[in-house]
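The values are calculated or read from the model by the stated rules, or taken from the named source; none is laboratory data. From a predicted model like this one, the values you see are computed outputs, not experimental measurements. When we count neighbours, we look across all protein chains shown, and the Cβ atoms used for this are built from the backbone with ideal geometry, even at glycine.
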Amino acid sequence: MESKRRDSDTFPTYVSFNLETNQVGALSTGFLPPQYSVFDLNAAQALTGMTLDQKASELIEERWRVLQGLREMNRGRMQEFGRDIEAFEKFSNTAKSLLTDPRWPAALRAISEASGVHIVMGAGWYREHVYPPEIATTSTTALADSLVHELVDGVGTTGVRAGFIGEIGTGRGAITPAEERVFRAAARAHRATGAPIMTHTTHFGELALEQLDLLTEEGVATTSVIVSHLGDRPGIASVLPIAERGAWLGIDNLGFEASYASLEARADNVAALWEAGHGDRILLASDICRTDQLVTHGGAGYAGVLTRFVPLLHERHLGDDQVRTMLVDNPGRAFGYPARP
Ligand SMILES: [Zn+2]
């Protein structure tokens with residue numbers, strides 16, 4: 001790799017980048033140390049102001065894929081590839097250690113106490129491409145035990161307990177063996193604790209039914225499963241089978257607008273789900289995970305569901321009672337579970 005390097009090459013490029021939307025900011029300033037976050041910009045400005053056109057996006061994606069592939073192939077002998085790739089490795093590890101830093105639960109507690117907002121923390125592993133290496137060498141039962149520890153005793157030594165399992169996710173096409181083990185571990189932790197499971201689907205519900213099959217096989221009632229990232233496709237045909245299985249429906253990409261279905265189309269889908277009798281399964285959320293979604297960075301922020309989406313529901317003749325069902329009662333039922341002795 002090093003021998004093929006050109007003088008003009010600049011990789012690894014330390015850009016926080018959402019590979020699914022080609023937008024900047026998935027892990028941006030304030031999350032990673034400054035030296036790893038070149039862009040601290042509103043995504044729209046970054047895309048127009050820095051000639052980060054489609055071609056450039058594809059190049060960055062390609063570099064990331066190459067580096068990720070090398071990392072997989074050469075785990076343990078990164079030094080041979082020079083200091084740049086070592087730096088990439090360090091970056092990757094920094095991101096992961098931040099995500100598992102026990103100070104995060106402590107910060108969530110401090111934010112909740114200061115704001116008066118209830119925060120429910122998740123436990124679990126998101127998707128295979130960001131699994132920590134230990135997943136590959138840990139038994140399903142041991143993975144389940146570590147989830148149970150975080151749900152019952154707390155994360156690390158903070159005493160802050162997670163309140164649900166998730167997001168645990170799948171990619172496109174098929175559930176991978178590693179993802180299957182994480183799902184089975186989640187199911188076993190659910191059976192030990194009663195904590196609900198929130199799944200991530202890629203591409204708006206793909207593999208949702210396979211996820212439910214897997215969890216059902218492990219003895220999880222679908223009423224304890226929240227399936228995320230639904231409602232962005234035209235119409236509700238792909239959501240109905242999930243609703244009919246009794247799972248919770250996360251209409252939860254509402255904080256994403258550019259390159260997603262219009263909020264109006266998503267409001268139509270919510271109205272159609274009510275029409276089909278599934279209003280009591282709907283959860284609304286914004287999936288905020290980028291700085292450009294925050295009010296301080298020009299986004300609609302955490303209130304976006306209320307300020308931008310609820311008015312569209314009213315226009316479609318959903319009343320205050322129905323909105324309250326989706327925003328108050330449903331989350332209470334989805335995330336509530338009886339305390340175990
Ligand atoms: Zn997700």
Sole miss for Asp213 among (1) part of a helix (DSSP H, G or I); (2) in contact (Cβ under 8 Å) with a residue 24 or more places away in the chain is condition (2)
Within segment 221-231, the count of residues that are in a loop (DSSP other than H, G, I, E, B), buried (at least 24 other Cβ atoms within 10 Å of the Cβ) and away from the ligand (no atom under 13 Å from the Cβ) comes to 1
(Q) Among the residues that make up segment 199-209, is at least one of them crowded, with 20+ Cβ neighbours inside 10 Å, acidic (Asp, Glu) and within 13 Å of the ligand (Cβ to nearest atom)? (A) no
- For Thr170, indicate whether it is at pLDDT below 95, under 18 Å from Val239 (Cα atoms), in contact with a Ser or Thr (Cβ under 7 Å, 6 or more places away or on another chain) and within 16 Å of the ligand (Cβ to nearest atom). no
All conditions in (1) touching a Phe, Trp or Tyr at 6+ places or on another chain (Cβ under 9 Å); (2) on the phi < 0 side of the Ramachandran plot are true of Glu217 except (1)
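Restricted to segment 191-203, and to residues that are touching a strand residue (DSSP E or B) at 6+ places or on another chain (Cβ under 9 Å) and at pLDDT 95 or above, which residue is farthest from Ser146 (Cα to Cα)?
Step one: list which residues in segment 191-203 are touching a strand residue (DSSP E or B) at 6+ places or on another chain (Cβ under 9 Å), which gives 193, 195-202.
Filter once more, keeping what is at pLDDT 95 or above: 193, 195-201.
On the way: Thr193: 12, Ala195: 14, Pro196: 16, Ile197: 15, Met198: 17, Thr199: 18, His200: 20, Thr201: 23 Å.
In this case the residue turns out to be Thr201.
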Screening Arg184, Arg188, Arg161 for residues that are at pLDDT below 95, away from the ligand (no atom under 16 Å from the Cβ) and either buried (at least 21 other Cβ atoms within 10 Å of the Cβ) or not β-branched (Val, Ile, Thr) (or both) leaves only Arg161
message: Looking at segment 139-156, can you tell me whether even one residue there is under 26 Å from Ala106 (Cα atoms), within 16 Å of the ligand (Cβ to nearest atom) and in contact with a strand residue (DSSP E or B) (Cβ under 7 Å, 6 or more places away or on another chain)?
response: no
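Would segment 115-125 turn up any residue that is more than 16 Å from the ligand (Cβ to nearest atom), touching a residue at least 12 places away in the same chain (Cβ under 8 Å), closer than 27 Å to Phe204 by Cα and not in a loop (DSSP other than H, G, I, E, B)? Spell out the reasoning first.
Kept after step one, since they are more than 16 Å from the ligand (Cβ to nearest atom), are these residues of segment 115-125: 115-119.
Retained after the next criterion (residues that are touching a residue at least 12 places away in the same chain (Cβ under 8 Å)): none.
Scanning segment 115-125 turns up no residue that is more than 16 Å from the ligand (Cβ to nearest atom), touching a residue at least 12 places away in the same chain (Cβ under 8 Å), closer than 27 Å to Phe204 by Cα and not in a loop (DSSP other than H, G, I, E, B).
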Would you check if Ile175 is among the aliphatic types (A, V, I, L, M), surrounded by 14 or more Cβ atoms within 10 Å (Cβ to Cβ) and in a loop (DSSP other than H, G, I, E, B)? yes
